[in-house]
Amino acid sequence: MKYIEEFRDGDVARSLAAEMAREARTDRRYRLMEFCGGHTHSLWRYGIVQMLPPEVEMIHGPGCPVCVLPIGRLEQAIALAHVSGVMLCTFGDLVRVPARDRRSLLKAKAAGADIRIVYGSADALRLAKDNPGREVVFFAIGFETTTPATAVVVKQAAEQGLRNFSVFSNHVLTPSAIDAILGSPEAREGRIQVDGFVGPGHVSTIIGTAPYERFAREHRKPVVVSGFEPLDLMQSILMLVRQLNEGRHEVENEYTRAVVREGNARAMALVDEVLELRPSFEWRGLGTLPDSALRLREKYAAWDAERKWDIPYTPVADHKACACGEILRGLKKPTDCKIFGTACTPESPVGSCMVSPEGSCAAYYAYGRLAKKRPTNDL
Amino acid sequence: MASKWSRRLDWAEGRVDMTHGSGGRAMAQLIDELFVAAFDNLLLAKKNDQALFEVPAGRMVLTTDAYVVSPIFFPGGDIGSLAVHGTINDVAMAGARPLYLSASFILEEGFPLDDLRRVVESMARASREAGVPVVTGDTKVVERGKGDGVFITTTGVGVVPPPVVAPSGDRARPGDVVMVSGTIGDHGVAILSSREGLAFETSIESDSAPLHRLVARMVEVVPDIHVLRDPTRGGLSATLNEIAQQSGVGMVIEERALPVRGQVTAACELLGLDPLHLANEGKLVAITDRRHAQKLLDAMRADPLGAQAAIIGEVIDDENRFVQIETTFGGRRILDWLVGEALPRIC
Amino acid sequence: MCLALPAQVVSLHADGTATVSLGGLRKVISLALVDGVGEGDYVVVHTGFALSRLDPVEAEKTLALLRDAGSSRGADR
């Protein structure tokens, strides 16, 4: 597969690792946050973490739309799925996430709700076309990478007068999450230290690299926007190490083959046409943030599931022992969580970080146990 | 030839109804015109409720499996051929020669007779080509909504020939070599490509196939293979983890040695899946003493169903019983069981 | 949100979709979010939509940079 396999070359990886070992100074630490859950996944899947010099520490960020979805919103989706006549379309990632009392979309399906797994928003729209007698609701999640796809289908539904289609929008914004991390009490008190960021590559195909410039400037932290293949990540980490060594704090783009500074204007315009900012939105782990999420505009109210059905929102707190919130903010590592690997496992997850393929806990459990002394392979 | 039944079964438009399971004339006709005709063997033609046969000398093997796959028809196979191959394979994984199969059907009221005929004829073809007849069976019908078209359960009996030391999941030992008989993930991708909401075009077909002849070759050359298992649901990762647990060992698998077809890799990339988690229905894992590895590999490659057989790793001492993968990078990670179903993801 | 892959456009369709090929596998995706994409181009695909065109010149530059890593300080940043 062109433009994929070349970026997975093991020999080049070893050279990069050697280069990093040469350039990383031994008298300081490099605490780098990889914002995006897909980067976390790649770091572990390719064993990159073990190849980094010991001075480089990767901190996992909140860029996992499944992980930051508050339980209350998932509860609303489950309620929608139980409305008579509704066909709820969802991404596979959400199906096993635990809601309250260990409810989930999977269990709702077993209880008779019509829940369909789709690859994308267009598949949900097609289901609406093919099933005129049913109300098809698309459970939309995602950062800026995924939002344009939702905007396109809402617009298409409106143009085609497809009244039995609606969207339950949970789209969220990357800069707001970065603000929350850098502006958090822990950050201000110096309890977490993030020296630089590996920026989300696919989000940036849409929003460009410009939005990160204010973080680099105001917080004096370097940002390198990275592709997802293992060589992209290693190169990006190397670029961050270099910036820190040289005392620079710029936004650099490693993923130049897919990302430009200005982003994708067409996609952003489409999003702007269909969606608007919510004044506030609760994020799991980060609290309630202003101007951090999107809902459908008034013009598209007929395709907004929240307006079509009156399903109230009730905030639901995380399980007491679940450390997802702190892990998402970079305060703790999965192995710092008291129930990691014991009460909370992929088989019986307590929090979404263990379910989501992008979640830190899932990545650690799947790939990281080799590195730790408390491994268990028991079922 | 005049039919002994007063009314013809309407294969084109007809559907299964409750009378087909009631034990009366309609059921007898269905059995006669479809099952007995298709499976076509003397034991079944006797129409007793059981099949009587001589028991060959040796250790006998008995296995059973239910088949509930959806969609019923998929590229490279269907629920019928799968039901034959899968059970033959479970017998074969004991190093045994499969002798006979039984087949029981649970039909949902309303299931099209045409589909049923296709399934049964496919089963009959698979059984004939494998040389393992279906000698007894059963048919039940459940009300509409209480079944998913058709469920099939097949039971197989076989005999382990004297020189063979029966392979078993608890016999893997540190130093042993781990092999696979061919490309992994094909069946899983073939099924996924037929699911709604995941439309993609691929030339990948299910690898559903009976492995008993391949196994016969293998045990002839190495009568003491430690472990044989076919990696069906949960894929190679589940099978290797099961064996590691049963044997109390660890394993290290070389990612670059795994045979995976290009389109399977592509489908997995697209959907965010791992070929190691996808089902295979015509492949086996063999674990053998290092001294016999090359000989075994050569024997596998000489068989059409083992042409792409490969050594993929080794068994090691590990109290944690981890199955580790050595990535193309030289880094190592744990290969874990699949949790839940293999679901496509966006993240 | 991160799972996106480069695939090659095999044919364009009148309704704004295109058939792309990824390692021999084909899929129909939407080009609603990009423009100026032609047959033979590579696009980054996420949940059935092309997010951007992949720039082959930049791809080669990045690869060259990566391959230089061990030998020198690397090419221009």
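Structure notes:
- Across region B:192-210, the qualifying residues are those that are in a loop (DSSP other than H, G, I, E, B) and at pLDDT 85 or above, and the one among them that is farthest from B:VAL132 (Cα to Cα) is B:SER203.
- Qualifying residue in region A:156-171 (condition: over 30 Å from A:MET239 (Cα atoms), touching a helix residue (DSSP H, G or I) at 6+ places or on another chain (Cβ under 7 Å) and within 14 Å of chain B (Cβ to nearest Cβ)): yes
- Scan of region A:104-124 for residues that are over 22 Å from the mean Cα position of the chain (by Cα) and either in a helix (DSSP H, G or I) or among the basic types (Lys, Arg) (or both), ordered by number: A:LYS107, A:ALA108, A:LYS109, A:ALA110
- Residue within region A:41-51 that is over 21 Å from A:VAL223 (Cβ atoms) and hydroxyl-bearing (Ser, Thr, Tyr) present: yes
- Among residues of region A:247-271, those that are of a type in the set (Gly, Ala, Ser) and in contact (Cβ under 8 Å) with a residue 60 or more places away in the chain, counted: 1
- First in region A:96-116 and in the same structural domain as A:LEU127 (by TED's automatic domain parsing) and closer than 17 Å to A:ARG73 by Cβ, second anywhere and basic (Lys, Arg) and part of a helix (DSSP H, G or I), Cβ under 6 Å, 6 or more apart: A:ILE115/A:LYS109
- Some residue of region A:225-237 being surrounded by fewer than 18 Cβ atoms within 10 Å (Cβ to Cβ) and part of a loop (DSSP other than H, G, I, E, B): no
- Residues in region C:1-36 that are among the hydrophobic types (A, V, I, L, M, F, W, C) and more than 8 Å from chain A (Cβ to nearest Cβ): C:ALA7, C:VAL9, C:VAL10, C:LEU12, C:ALA14, C:ALA18, C:VAL20, C:LEU25, C:VAL28, C:ILE29, C:LEU31.
- C:GLY38 small (Gly, Ala, Ser) and either at pLDDT below 95 or on the phi > 0 side of the Ramachandran plot (or both): no
- Residue in region A:214-222 that is under 30 Å from A:VAL274 (Cα atoms), within 13 Å of chain C (Cβ to nearest Cβ) and modelled with pLDDT under 95 present: no
- B:VAL150 in contact (Cβ under 8 Å) with a residue 40 or more places away in the chain, within 28 Å of B:GLY14 (Cβ to Cβ) and assigned by TED's automatic domain parsing to the domain that holds B:PRO112: yes
- Residue check, A:ASP93 at positive phi and assigned to a helix (DSSP H, G or I): no
- Residue in region B:312-320 that is assigned to a helix (DSSP H, G or I), of a type in the set (A, V, I, L, M, F, W, C) and under 22 Å from the mean Cα position of the chain (by Cα) present: no
- Residues satisfying the stated conditions in region A:312-336, i.e. within 30 Å of A:LYS155 (Cβ to Cβ) and in contact with a strand residue (DSSP E or B) (Cβ under 9 Å, 6 or more places away or on another chain): A:TYR313
- Residue check, B:ARG171 surrounded by fewer than 22 Cβ atoms within 10 Å (Cβ to Cβ), outside the structural domain of B:ALA266 (by TED's automatic domain parsing) and in contact (Cβ under 8 Å) with a residue 40 or more places away in the chain: yes
- Matching option when the condition is without any contact (Cβ under 8 Å) to a residue 60 or more places away in the chain and within 30 Å of B:SER193 (Cα to Cα), among B:GLY330, B:GLY262, B:GLY306, B:GLY282: B:GLY262
- Matching residues in region C:46-60 - criterion: being within 8 Å of another protein chain (Cβ to nearest Cβ) and either closer than 17 Å to B:ALA267 by Cα or not in a strand (DSSP E or B) (or both): C:HIS46, C:THR47, C:GLY48, C:PHE49, C:LEU54, C:ASP55, C:PRO56, C:GLU58, C:ALA59
- Residue in region A:43-56 that is within 14 Å of another protein chain (Cβ to nearest Cβ), in contact (Cβ under 8 Å) with a residue 40 or more places away in the chain, closer than 19 Å to A:LEU294 by Cα and outside any helix (DSSP H, G or I) present: no
Quick grid of which residues meet (1) in a helix (DSSP H, G or I); (2) surrounded by fewer than 16 Cβ atoms within 10 Å (Cβ to Cβ); (3) within 12 Å of chain C (Cβ to nearest Cβ); (4) not acidic (Asp, Glu):
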| site | (1), (2), (3), (4) |
| --- | --- |
| A:THR256 | no, no, yes, yes |
| A:ASP272 | yes, yes, no, no |
| A:GLU282 | no, no, no, no |
| A:ARG295 | no, no, no, yes |
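- Between A:ARG73, A:ARG28, the distinction of being away from every other protein chain (no Cβ under 14 Å), in a loop (DSSP other than H, G, I, E, B) and modelled with pLDDT of 95 or more belongs to A:ARG28 only.
- Just one of the listed residues (A:VAL203, A:VAL260) is of a type in the set (Val, Ile, Thr), surrounded by 16 or more Cβ atoms within 10 Å (Cβ to Cβ) and in a loop (DSSP other than H, G, I, E, B), namely A:VAL260.
- Summed over region B:308-347, residues that are more than 7 Å from chain A (Cβ to nearest Cβ) and among the small types (Gly, Ala, Ser) total 4.
The values are calculated or read from the model by the stated rules, or taken from the named source; none is laboratory data. Just so you know, these numbers come straight off a predicted model, no measurement behind them. All Cβ positions, glycine included, derive from the backbone under ideal geometry; neighbour counts span all protein chains shown.
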